[in-house]
Structure formats: C-alpha cells, structure tokens
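Okay, structure first, notes after.
The values are calculated or read from the model by the stated rules, or taken from the named source; none is laboratory data. All values reported here derive from a predicted model rather than from experimental measurement. As a convention, Cβ positions derive from the backbone with ideal geometry for all residues, glycine included, and neighbour counts pool all protein chains shown. Quick note on the areas: whole protein, heavy atoms, side chains included, nothing else; ligands and nucleic acids left out. Shrake-Rupley method; radii C 1.70, N 1.55, O 1.52, S 1.80 Å.
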Amino acid sequence: MDYEVIVVGGGPVGMMLAAELALAKVKVCLLERLKETTPYSRALTLHPRSLELFDLRGLKTKLLRIGKPLPTGHFAALDTRLDFSVLDSSSNYTLYISQHDTEKVLEAWAQSVGVEIRRETEVVSVRQDAQGVEVTAFGKNGEAVLTAAYVVGADGAGSLVRKQAGIPFEGTDTTLTAMLGDVVLANPPETNTLSRFTEHGLVMIVPVTDRLHRVVMIDPVRKEVPKEEPVTLEELRSGLQRILGSDLGICEPFWLSRYGNATRQAKRYREGRIFLAGDAAHIHFPAGGQGLNVGLQEAMNLGWKLAAELKGRAPDWLLDSYHSERFPVNTALLRNTQAQTMLMGMEFSPRMMGLRSMLSDLLRIPEANKELAAQLAAFDVRYAPDEEALPHALNGRRFTELKLRLDNGTVLNAYELFHSGCFVLLHLASDDRLNDNVQWAGDGHIRVVRASIAGQEAEWDDVHTALIRPDGHIAWAVPRSEPQPLEAIKQGVVRWCGSRPI
Ligand SMILES: Cc1cc2nc3c(=O)[nH]c(=O)nc-3n(C[C@H](O)[C@H](O)[C@H](O)COP(=O)(O)OP(=O)(O)OC[C@H]3O[C@@H](n4cnc5c(N)ncnc54)[C@H](O)[C@@H]3O)c2cc1C
C-alpha cells in the first residue's frame, strides 16, 4: 500500500480531515486538482461549533487574527437576527472570514502535521476490493495509480468518488437560483451592510474586503435562470434598482456567480473502504452559511475513527458510527436550509411578508432565538448515547469548555488538552481507588487527566470520570454514585479506545 488513507479533494473538508488523520499518525495523501486555493470565496462565516473545533486543535487564535467576530447571524434574512452571544461558550459569535483564508489556515496546518499534498492532480477513477482501494489520478507527471487502505471523497458536490462508489445522492433538483457578486459599490449603503426583502426580491450586502462588497440577490424575475448561465453586472444592477431604488453605483465585478437550491444527501456515507465527507455527502441552498461548517464537523468525526481502525484498536461498530452519527445531523440541516429557502426565495408577496414579520417577532422571544442560534451554531448536536455505558445526561453531548484545576495546581481550559487529537479520560473525583499510575496500552492516544472543576458547572457535579472523544463529544460519564466506578471506566475505555490497562 502506498498510503493508509487517500483523501480526494483539498477544499476545507479534505484539508481538515487529512490533517486530523496525520495528527493521529496515519500516512495520508491528499489529491487536489487545483494549483492553489481559489480566490473566490463561497463561505464567509465560521459558526461557533467550528470555532470550538479549531480551538480543540489550537488553531482558533490564528483564525481570530484574520477574521472578524460578529455576535449575530441571520436565519432566512429575517429582520430579527440570531444572537449567538447568549450561547454557553467562549466561541459565542460567528467569525466573518473568507473561505479562502480558512482554507489557507487549514492547508498550512495539514502541511505542518505531515500530510502529503499533491496539487494539480485530478482523480479519474476509484476502485475497491476487500484488501484496499486503487485511485487513478492525472498530475504534472502524467498518470499515477495509488493504493491505500481507505479513500475519502471530500471532492465537493459533483463528487467523482461518490459516483464511482455507486452511492445514491437522493433529493431534489434546483428549482430556484440566486445571484452573487463581489463588486465595487461606488455608493455603498450607509450602514455598510444591508438586508432587504420586498415584493421585488431579496438583497443582502456585506463588505468582503476594503474595496469589495458582496451582493447576494434573489430576484423573482431571474430566479428560474439555470445556475450554469453566467451572471451579468446588468442583472444585479437592475435588481438593485428595483429592490432598493438605487443601483448603489455597482461596478468592477471581481466575481459573479449563480447558485441553486438542489438539496441532496448521500444515502450512505460509507461504501466498504470508501467514505464521503462535506459537499460530497450533502448539498443544499447556502442559507445561514452552514455547508462548510458541517463539513468540518464530519472531518473531525471521521478522522479519529479511521485512525483507530488503521491502528487496530477500533471496535467493530466504530467506522459505521460515522454514518449513523452524521446522517441525522445533516438531515436536520437540509430541513433548516429548505425552510429558509421557502422564506427567502419562493414567494415575494404580501402574505410572505406577513409570515416573515410574524417569525421575526417570534425570534424576539429569547428562548426561540436561542434555540435557533444553537441549531445554526451546531451546539444542538448530540450523538446517540452509548447503550452499554451507565446512563448519564452528558453521554453523546458536545464537550463544553471547562476550566480545570489539575492536581499540580495549574488551571487551564480543558480544550487545551485536545491539541494532539487524543481521547481525554478526565477523573474528577480524587478517588484513591484509581491508581495514579494506571497506563493504557496504545501510542499516546489516551490522555489521563486528574483534575477538579474550577468554578460552577452543575452538569458536571456528579461526574466521577468521563471519556471525551478526540472530536470533542463525550463518549460516556460515570456518575459518582456508581459503586464500581473502576469497572465501568475500564470497560468504557476498552469499548471506545480498544485499550486495556497495563
Ligand atoms: C454562495 C455560497 C455561499 C456559501 N456560504 C457559506 C458560509 O458562509 N458558510 C458555510 O459554512 N458554507 C457556505 N457555503 C458552502 C461551502 O462553500 C461548502 O459547503 C464548502 O466549500 C464545502 O467544502 P468541501 O471541502 O466539502 O468541498 P469543496 O469546497 O467543493 O472542495 C472540493 C475540492 O475537491 C476538488 N476536487 C473535486 N473533484 C476532484 C477530483 N476528481 N480530483 C481532485 N480534486 C477534486 C475541488 O477542486 C475542490 O477543491 C456557501 C456556498 C455557496 C455556493
């Protein structure tokens, strides 16, 4: 085998996944057809959970140096914005950052942890048998046939890997298109940003650089134009004129693009030795800026599982849990983007304006606003609790930041413990029955931490010990009331990490 894993596609999801694998000491090669990251950024937003994931790997500060934190975001361009600042996290905001910059940070990270990145290399075929996968690609030096134990298709919406694996992409075709222009506005809106829904259409405007604004538009008279038809400056100009009563001096387009609301999801995220992640696994109308964000969560979910399998310590259910955990999350994502599409683009009538204004009023209720903000932030993601573990409310949940006081007195943010991508076995009970020197077999993939919680965290009051997965979800927590905590801990570590105490 040339590699343990080949990742096809070096967009944000492929880069993140390849880096996660390399961090877990997997020999990984990433194949990307483009010479360099495209300067045309589709995504402009990183949501709170993505920022937490970056924080878990020590990358958040880098992104904060580039992007701009914004406390609010939008749902369906409704007038009442979602308030992320009330969420329980230090990443309680969205980061306004171009996809180009996010990809640059990810690529630098992937390189630094040892991913072999082959750019200008286009994959043309993927085959698998019981032993492994064979990937044929064309690059600067002609054709190459590469072998690996697994391949991951992170090759975007038109995924060749998905097609070659024969995985159905079920859903609906485009019925609506929107337009985007990164342009100069000689007379930008006074507020610099703007969101307006009228009977003449929807327009949203945000600055993208010192010079450029992004104009996003759904124009009722242009919304059935096929996505392949190039956008013209004139289309945007006349739309602005009708919706806003001014064309804002639109000129000098840097990038014009049309995109649609096709909504599809791969029926299976795994076919034997082939996996899918990111847009290769699901597509939807980019409402609320979520596609890239959920793709990063997939990369985090799959990376440590593939690594565990390759290192021979994965339980037999682990690889399939990638599909069973992520598919429902993305079903919910498609539901929310379809709801937003209905509200933003299907009808520009007085009754739609009435519906939008009612929903906008409802979002002024703090609980409703917080609920939706948590959904977009991906803070509501909870994986099915481990049925063999002792029941605990934390099982399967996202691990929130805890301030920990280690036994040596050091106080730290628990996220710092995850920079190397390991499991963290967190003992919080100062239980003498737990031998300080219990070591777990493996190559450092489990980090044992004895600590107490500095501050008030009611949900953790009764936790004796918890195992946190490398992707920042809680595998299980053993309650202090458990008469045999050591047994439960040992069984839980064996079940999840494939390691026995030595
Ligand atoms: C207008 C618009 C705005 C958006 N805004 C947001 C936002 O604010 N927030 C958000 O989260 N998401 C947003 N999205 C969605 C986001 O851009 C995508 O979800 C994200 O790019 C998916 O990342 P990916 O790595 O899965 O796929 P891609 O970014 O599509 O990357 C796939 C990569 O694979 C490569 N590739 C493809 N085929 C091959 C092959 N055969 N061989 C080798 N390489 C190949 C491609 O060159 C590409 O680099 C937006 C989308 C649009 C259209």
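Would you check which residues across region 80-95 are farther than 15 Å from Lys60 by Cα, of a type outside the set (Gly, Ala, Ser) and either surrounded by fewer than 22 Cβ atoms within 10 Å (Cβ to Cβ) or without any contact (Cβ under 8 Å) to a residue 40 or more places away in the chain (or both) and list them? Let's see the steps before the verdict.
Going through region 80-95, the residues farther than 15 Å from Lys60 by Cα turn out to be 80-88.
Among the residues that remain, those that are also of a type outside the set (Gly, Ala, Ser) are: 80-84, 86-88.
Of everything in region 80-95, those that are farther than 15 Å from Lys60 by Cα, of a type outside the set (Gly, Ala, Ser) and either surrounded by fewer than 22 Cβ atoms within 10 Å (Cβ to Cβ) or without any contact (Cβ under 8 Å) to a residue 40 or more places away in the chain (or both) turn out to be Thr80, Arg81, Asp83, Val86, Leu87, Asp88.
Does Glu401 satisfy the condition of being closer than 30 Å to Lys62 by Cβ, touching a residue at least 12 places away in the same chain (Cβ under 8 Å) and in a loop (DSSP other than H, G, I, E, B)? Quick ask: steps written out before the conclusion?
Working: closer than 30 Å to Lys62 by Cβ: yes; touching a residue at least 12 places away in the same chain (Cβ under 8 Å): yes; in a loop (DSSP other than H, G, I, E, B): yes.
When the stated conditions are applied, Glu401 passes them.
In region 133-154, is there at least one residue being under 28 Å from the mean Cα position of the chain (by Cα) and under 22 Å from Gly260 (Cβ atoms)?
yes
Quick one: would you say Ala373 is open to solvent by less than 40 Å² (accessible area, probe 1.4 Å) and among the small types (Gly, Ala, Ser)?
Working: open to solvent by less than 40 Å² (accessible area, probe 1.4 Å): yes; among the small types (Gly, Ala, Ser): yes.
Against the criterion (open to solvent by less than 40 Å² (accessible area, probe 1.4 Å) and among the small types (Gly, Ala, Ser)), Ala373 qualifies.
If you go through region 195-202 one residue at a time, do you hit one that is outside any strand (DSSP E or B), farther than 24 Å from Met15 by Cα and modelled with pLDDT of 95 or more?
Applying the first criterion (outside any strand (DSSP E or B)) to region 195-202 yields 199-200.
Filter once more, so that each one left must be farther than 24 Å from Met15 by Cα: 199-200.
Now narrow it down to the ones that are modelled with pLDDT of 95 or more: 199-200.
Yes: region 195-202 contains one or more residues that are outside any strand (DSSP E or B), farther than 24 Å from Met15 by Cα and modelled with pLDDT of 95 or more.
Would you please list the contacts, defined by Cβ atoms under 7 Å and residues six or more apart or on different chains, that run from a residue in region 24-53 that is at positive phi to a residue that is at pLDDT below 95 and more than 12 Å from the ligand (Cβ to nearest atom)?
Short answer, once both residue conditions are applied: Lys25/Asp443.
Collect the residues in region 21-37 that are open to solvent by 10 Å² or more (accessible area, probe 1.4 Å), assigned to a helix (DSSP H, G or I) and over 11 Å from Glu116 (Cα atoms), keeping them in residue-number order.
Within region 21-37, just Leu23 meets the criteria.
Which ones in region 259-309 are open to solvent by less than 10 Å² (accessible area, probe 1.4 Å) and of a type in the set (D, E, K, R)?
Glu298, Lys305
Does Gln456 satisfy the criteria of being at pLDDT 90 or above and either β-branched (Val, Ile, Thr) or outside the structural domain of Asp316 (by TED's automatic domain parsing) (or both)?
Details: at pLDDT 90 or above: no; either β-branched (Val, Ile, Thr) or outside the structural domain of Asp316 (by TED's automatic domain parsing) (or both): yes.
It is false that Gln456 is at pLDDT 90 or above and either β-branched (Val, Ile, Thr) or outside the structural domain of Asp316 (by TED's automatic domain parsing) (or both).
Could you list all residues from region 96-135 that are among the polar types (S, T, N, Q) and either in contact (Cβ under 8 Å) with a residue 40 or more places away in the chain or on the phi > 0 side of the Ramachandran plot (or both)?
Taking region 96-135 first, the residues among the polar types (S, T, N, Q) are 98-99, 102, 111-112, 121, 125, 128, 131.
Matches in region 96-135: Ser98, Gln99, Thr102, Thr121, Gln128.
I'm trying to understand the selection: among the residues of region 162-183, which are part of a loop (DSSP other than H, G, I, E, B), open to solvent by 70 Å² or more (accessible area, probe 1.4 Å) and either touching a Phe, Trp or Tyr at 6+ places or on another chain (Cβ under 7 Å) or closer than 27 Å to Arg270 by Cβ (or both)? Outline the logic, then answer.
Initially, region 162-183 is screened for residues part of a loop (DSSP other than H, G, I, E, B), giving 166-168, 173-176.
So of that shortlist, the ones also open to solvent by 70 Å² or more (accessible area, probe 1.4 Å) come out as 173, 175.
Correct list: Asp173 only.
Of the conditions (1) open to solvent by 20 Å² or more (accessible area, probe 1.4 Å); (2) assigned to a loop (DSSP other than H, G, I, E, B), Val225 clears all except one; give me its number.
Of everything listed in (1) open to solvent by 20 Å² or more (accessible area, probe 1.4 Å); (2) assigned to a loop (DSSP other than H, G, I, E, B), Val225 misses just condition (1).
Determine which single condition Ser125 fails, assuming it passes every other condition in (1) in contact with a helix residue (DSSP H, G or I) (Cβ under 8 Å, 6 or more places away or on another chain); (2) surrounded by 16 or more Cβ atoms within 10 Å (Cβ to Cβ); (3) not hydrophobic (A, V, I, L, M, F, W, C).
Failed condition: (2).
Looking at (1) over 22 Å from Leu53 (Cα atoms); (2) surrounded by 22 or more Cβ atoms within 10 Å (Cβ to Cβ); (3) among the polar types (S, T, N, Q), which one does Gln338 not meet, given that it meets all the others?
(2)
What's the total number of residues in region 1-36 that are within 8 Å of the ligand (Cβ to nearest atom) and out of contact with any Leu (no Cβ under 7 Å at 6 or more places or on another chain)?
Count: 6.
So how many residues does region 61-75 have that are more than 12 Å from the ligand (Cβ to nearest atom) and touching a strand residue (DSSP E or B) at 6+ places or on another chain (Cβ under 9 Å)? Walk me through how you get there before you give the answer.
Residues of region 61-75 that are more than 12 Å from the ligand (Cβ to nearest atom), as a first pass: 61-66, 68-69, 71-72, 75.
Checking which are touching a strand residue (DSSP E or B) at 6+ places or on another chain (Cβ under 9 Å) leaves us with 63-64, 66, 68-69, 71-72, 75.
Count: 8.
Looking only at residues that are part of a loop (DSSP other than H, G, I, E, B) and within 19 Å of Asn395 (Cα to Cα) in region 447-461, which one is least open to solvent (accessible area, probe 1.4 Å)? Step through it out loud before you land on a result.
Just the residues of region 447-461 that are part of a loop (DSSP other than H, G, I, E, B), to begin with: 454-457, 461.
Subsequent filtering for residues that are within 19 Å of Asn395 (Cα to Cα) retains 457, 461.
Details: Glu457: 59, Asp461: 101 Å².
Filtering region 447-461 for residues that are part of a loop (DSSP other than H, G, I, E, B) and within 19 Å of Asn395 (Cα to Cα), the one least open to solvent (accessible area, probe 1.4 Å) comes out as Glu457.
Given the structure, is Leu51 within 16 Å of the ligand (Cβ to nearest atom), within 30 Å of Leu310 (Cα to Cα) and either in a helix (DSSP H, G or I) or open to solvent by 20 Å² or more (accessible area, probe 1.4 Å) (or both)? Walk me through it before giving the result.
Details: within 16 Å of the ligand (Cβ to nearest atom): yes; within 30 Å of Leu310 (Cα to Cα): yes; either in a helix (DSSP H, G or I) or open to solvent by 20 Å² or more (accessible area, probe 1.4 Å) (or both): yes.
Yes.
Scan region 132-145 and tell me whether some residue there is of a type in the set (D, E, K, R) and buried (at least 23 other Cβ atoms within 10 Å of the Cβ).
First, pick out the residues of region 132-145 that are of a type in the set (D, E, K, R): 134, 140, 143.
Imposing the further condition that a residue be buried (at least 23 other Cβ atoms within 10 Å of the Cβ) reduces the set to none.
No: zero hits.
If you go through region 478-489, how many residues are touching a helix residue (DSSP H, G or I) at 6+ places or on another chain (Cβ under 8 Å) and not in a loop (DSSP other than H, G, I, E, B)?
Going through region 478-489, the residues touching a helix residue (DSSP H, G or I) at 6+ places or on another chain (Cβ under 8 Å) turn out to be 478, 482.
Filter once more, keeping what is not in a loop (DSSP other than H, G, I, E, B): 478.
Matching residues across region 478-489 total 1.
Answer yes or no as to whether Ala186 is open to solvent by less than 60 Å² (accessible area, probe 1.4 Å) and either at pLDDT 95 or above or away from the ligand (no atom under 16 Å from the Cβ) (or both). Reasoning before the result, please.
Values: open to solvent by less than 60 Å² (accessible area, probe 1.4 Å): no; either at pLDDT 95 or above or away from the ligand (no atom under 16 Å from the Cβ) (or both): yes.
No, not satisfied.
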